[in-house]
């Protein structure tokens, strides 16, 4: 009897020991799994931190690279040209083409003209300086000059043929609100430049090669403010016997400041192709392939998603 009891106790004790062993093994397994999970979580955090750090460094590097490209397109210091402005500003005001109060309002929202551009309207013979601060001034003043100066491009060109000889409703005419009277009161009415036949042909040639990204037209069809302003710049430089290369170079600088993102994107296009923007001829950059609305649309797809760190505004066809 005692022996049977001893056997039962021994068996029961063995069962308890086996159960404890199973529980111990299970606890060990759980502890190992928990430790492994914590380790993986820690590694995941380190990995995420590394990715975030690498992403920030890459973004900073991209911004730095883009800033380098921006400086190739537009000089921080602006530009100073030897082009003589003469008393053109004063004449435009006297003829009513430019109303100084309206011009000031278009630039500052007030009746006060910025002091750095006032000199271009007082009749003193100033050299033209161009920078980010006065690019809008030159766009508006040259717009008025191109509109009012008598030229065959306005009298016999696309402005007439594309409108059944009624060019009053283009953006460059109907949208011009900077004069004392309406735009057509001044349209091709005054001779501010005396061009001989050879010079006129040169104006027409260069105008036909200079495009703008706000539309698909060349300067030979100046149906918006940028086209009309560019026409005036070309006429001015041709009248002072500048070379074709000098005129294209100057035109590119004006276009780049009127449409900065366009030319940043074009510079990026060439950078991707292994070509330096500064080595491309201005005539090529201003061509239909790159500077027209259609041409730039192709370029823009390549630069989609880029955020230019120095970009402030985009050109628009209005005063």
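What follows draws every value from the coordinates through simple rules; no lab data is involved. These numbers come from a predicted model, not from an experiment. Quick reminder, even Gly has a Cβ in these numbers, built from the backbone with ideal geometry, and neighbours come from all protein chains shown.
Work out the FRET efficiency for residue 122 and residue 284 from their Cβ-Cβ distance, taking R0 = 51 Å, and round it to the nearest 0.05. Step by step, r from the Cβ atoms, then E = 0.85.
For residue 177 and residue 297, the difference between the fully extended length at 0.36 nm per residue and the C-alpha to C-alpha distance is 40.2 nm.
When the alpha carbon coordinates of the range 74-302 are projected onto the principal axes, the ranges are 51, 42, 33 Å, largest first.
Quick one: if the Förster radius is 35 Å, what FRET efficiency do residue 108 and residue 189 give, using the C-beta to C-beta distance and rounding to 0.05? Using R0 = 35 Å, I get an efficiency of 0.80. Scoring 245-252, 223-230 by mean Cβ neighbours within 10 Å over their residues and listing the highest first yields 223-230, 245-252. How many nm is it between the label spots at residue 79 and residue 275, if each spot is 7 Å from the Cα in line with the beta carbon? Going from the residue 79 label point to the residue 275 one covers 2.0 nm. For the pair the range 216-276 and the range 115-157, the centres of their Cα atoms are 15 angstrom apart. Share of pairwise Cα-Cα distances greater than 23 Å in the range 185-319 is 34 percent (whole percent). Residue exposure proxy: 115, 239, ordered by other Cβ atoms within 10 angstrom of their Cβ from fewest to most, comes out as 115, 239. Compute the distance in nm between two label points, each set 7 Å from the Cα along the Cα-to-Cβ direction, one at residue 165 and one at residue 198. Computed distance between label sites residue 165 and residue 198 equals 3.4 nm.
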